[in-house]
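**Q** Dropping a structure here in structure tokens format, bear with me for questions.
The values are calculated or read from the model by the stated rules, or taken from the named source; none is laboratory data. Keep in mind that this is a model prediction, so the values were computed, not measured. Positions of Cβ are generated from backbone atoms using ideal geometry, with glycine treated the same way; all protein chains shown enter the neighbour counts.
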Amino acid sequence: MNRRSGSIAAVAIVLGSALMISLAWGLGHAALQRPSLIGNAAPRLAIQQLDGKDLLVSDLRGKPVVLDFWASWCVSCAEDLPVLSGASSSHPGVAFVGAAMQDPAGSLKAFEQRHPHPYPVGQIVDGGYQSYGVFAPPVTVFIDAQGMVVASFSGPLDAPTIDHYLGLIS
């Protein structure tokens, strides 16, 4: 019985070690593939607004920016809109931009007719949401006036939460 217990323990140690090495390699590999966004310059991103004009986020340098990644099919995004709209009205010195992801142009226009944004929104035409570490909407990225990403928030925002993040960039 002691010999069997020793064999089981040895196998468990070998398997546990292999698992730990595998996990460490995977985490290290993932970090190399997507370096941290926070504290770095905002990646290149442009949207095409509904009027056909392109808006490049980097052109807003000199002002803090709230970059909201959303989609017309995202229920939480529609729930987020009143909070973002209110914040954009009460913070005129901050540029708000809505970057629609995975949306055909017709869906974007229909959503905008039902839930108009008081700030520029449009389909991403240069860069991508993936460079911001976004997998699913809503995600809101807070960029300071120097173009550095200060914070990122996944999920629907409420007024106290957005006020907290706006305090970090304004």
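**Q** Give the residues of segment 97-118 that are touching a Leu at 6+ places or on another chain (Cβ under 8 Å) and surrounded by fewer than 22 Cβ atoms within 10 Å (Cβ to Cβ), sorted by residue number.
**A** Matches in segment 97-118: 108, 109, 112, 115, 117.
**Q** Does at least one position in segment 97-113 carry a residue that is over 17 Å from residue 50 (Cβ atoms) and either of a type outside the set (S, T, N, Q) or not in a loop (DSSP other than H, G, I, E, B) (or both)?
**A** no
**Q** A follow-up question, please. Tell me, please, whether a residue that is closer than 19 Å to residue 59 by Cα and within 15 Å of the chain's Cα centre (by Cα) can be found in segment 150-165.
**A** Residues of segment 150-165 closer than 19 Å to residue 59 by Cα: 150.
Narrowing the set further to residues that are within 15 Å of the chain's Cα centre (by Cα) leaves 150.
Within segment 150-165 (the criterion being closer than 19 Å to residue 59 by Cα and within 15 Å of the chain's Cα centre (by Cα)), the answer is yes, since at least one residue qualifies.
**Q** Looking at segment 128-149, which of its residues are farther than 16 Å from residue 63 by Cα and part of a loop (DSSP other than H, G, I, E, B)? First the steps, then the outcome.
**A** The initial filter retains those residues of segment 128-149 that are farther than 16 Å from residue 63 by Cα, namely 128-140.
Selection gives 128, 133, 134, 135, 136, 137, 138.
**Q** Kindly indicate whether any position in segment 34-52 is over 18 Å from the mean Cα position of the chain (by Cα) and under 18 Å from residue 162 (Cβ atoms).
**A** Taking every residue of segment 34-52 in turn, none turns out to be over 18 Å from the mean Cα position of the chain (by Cα) and under 18 Å from residue 162 (Cβ atoms).
**Q** Can you name the residue in segment 62-77 that is surrounded by 11 or more Cβ atoms within 10 Å (Cβ to Cβ) and at pLDDT 95 or above and, of all such residues, is farthest from the chain's Cα centre (by Cα)?
**A** Checked segment 62-77; the qualifying residue farthest from the chain's Cα centre (by Cα) is 63.
**Q** For segment 120-146, which positions are among the small types (Gly, Ala, Ser) and surrounded by 17 or more Cβ atoms within 10 Å (Cβ to Cβ)?
**A** Selection gives 122, 127, 133.
**Q** In addition: Can you find a residue that is in contact with a helix residue (DSSP H, G or I) (Cβ under 6 Å, 6 or more places away or on another chain) and assigned to a strand (DSSP E or B) anywhere in segment 78-89?
**A** Within segment 78-89 (the criterion being in contact with a helix residue (DSSP H, G or I) (Cβ under 6 Å, 6 or more places away or on another chain) and assigned to a strand (DSSP E or B)), the answer is no, since none of the residues qualifies.
**Q** Further question: Would it be correct to say that residue 155 is at positive phi and either of a type in the set (Gly, Ala, Ser) or buried (at least 20 other Cβ atoms within 10 Å of the Cβ) (or both)?
**A** Considered against the rule, which asks whether it is at positive phi and either of a type in the set (Gly, Ala, Ser) or buried (at least 20 other Cβ atoms within 10 Å of the Cβ) (or both), residue 155 comes out as yes.
**Q** Looking at segment 109-121, I want the residues that are at pLDDT 90 or above and have a partner that is among the basic types (Lys, Arg) with Cβ atoms under 7 Å, at least 6 apart or on another chain. Which pairs are those?
**A** none
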